[in-house]
1. Assuming L69 fulfils every condition listed in (1) touching a Phe, Trp or Tyr at 6+ places or on another chain (Cβ under 7 Å); (2) under 26 Å from M1 (Cβ atoms); (3) in a helix (DSSP H, G or I) apart from one, which condition is it?
2. Would you mention how many residues in the range 38-65 are in a helix (DSSP H, G or I) and either more than 12 Å from S25 (Cα to Cα) or in contact with a Cys (Cβ under 8 Å, 6 or more places away or on another chain) (or both)?
3. Just to verify a result, which residue in the range 1-22, among those that are within 15 Å of T33 (Cβ to Cβ) and among the small types (G, A, S), is surrounded by the most Cβ atoms within 10 Å (Cβ to Cβ)?
4. Considering only the range 1-37, state which residues are in a strand (DSSP E or B), farther than 20 Å from V55 by Cα and of a type in the set (K, R).
5. Going by what's in this entry, would K11 be described as out of contact with any strand residue (DSSP E or B) (no Cβ under 6 Å at 6 or more places or on another chain) and of a type in the set (K, R)?
6. Of the residues E70, E110, which is surrounded by 10 or more Cβ atoms within 10 Å (Cβ to Cβ) and out of contact with any Gly (no Cβ under 7 Å at 6 or more places or on another chain)?
7. If I filter the range 31-42 down to residues being surrounded by fewer than 16 Cβ atoms within 10 Å (Cβ to Cβ) and touching a helix residue (DSSP H, G or I) at 6+ places or on another chain (Cβ under 8 Å), which single residue comes out as farthest from S18 (Cα to Cα)?
8. List the pairs whose first member sits in the range 22-44 and is under 17 Å from G7 (Cα atoms), whose second member is among the small types (G, A, S) and part of a helix (DSSP H, G or I), and whose Cβ atoms are under 7 Å apart, counting only residues at least 6 apart or on separate chains?
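What follows is calculated from the coordinates using simple rules that are stated; it is not laboratory data. Since this is a predicted model, take the numbers as computed values, not measurements. Here Cβ is always computed from backbone atoms with ideal geometry, including for glycine, and neighbour counts include all displayed protein chains.
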Amino acid sequence: MKRPVRGADGKYHIHGKSYKELFGSRTQVHNGTAYKTPGGLTKSDLIMNKWGRIVSAKKHRTAKKEKRLEKAGYFAKKGKFGFIKRATRKKRKSIKGGEKPEHLGGEKPETEL
């Protein structure tokens, strides 16, 4: 697409709509004052989230699928509000510098009779 040029009235005319600015903040694009953000997002690419912030619609959808809290160990508990950190399981450490125990694939110690 060729870069739009201002009309005689000093506004940009794109797809039958007029815009005061070509580039603007997400708020300006969402309100219709500007056509797109410096990153190239247009009004159809933006969405208002439940906290009232204007965010990328594509990123909003993928972030919901990511489940970052669950990956960090936070889960919802029945009968409680909000997320609760689930205790991590302790990992077994191998003996430093020693031989592997038999049950972990080490050799059987030789006994002399």
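1. L69 satisfies every listed condition except (2).
2. Taking the range 38-65 as the starting set, the residues that turn out to be in a helix (DSSP H, G or I) are 43-45, 57-65.
From what is left, the residues that are either more than 12 Å from S25 (Cα to Cα) or in contact with a Cys (Cβ under 8 Å, 6 or more places away or on another chain) (or both) are 44-45, 57-65.
Of the residues in the range 38-65, 11 are in a helix (DSSP H, G or I) and either more than 12 Å from S25 (Cα to Cα) or in contact with a Cys (Cβ under 8 Å, 6 or more places away or on another chain) (or both).
3. Going through the qualifying residues, I end up with S18.
4. R6, K17
5. Values: out of contact with any strand residue (DSSP E or B) (no Cβ under 6 Å at 6 or more places or on another chain): no; of a type in the set (K, R): yes.
No: the conditions fail for K11.
6. It is E70.
7. Let us first name the residues in the range 31-42 that are surrounded by fewer than 16 Cβ atoms within 10 Å (Cβ to Cβ), namely 31-33, 38-40, 42.
From what's left, touching a helix residue (DSSP H, G or I) at 6+ places or on another chain (Cβ under 8 Å): 32, 42.
Values: G32: 9, T42: 14 Å.
Looking at residues that are surrounded by fewer than 16 Cβ atoms within 10 Å (Cβ to Cβ) and touching a helix residue (DSSP H, G or I) at 6+ places or on another chain (Cβ under 8 Å), I get T42.
8. none
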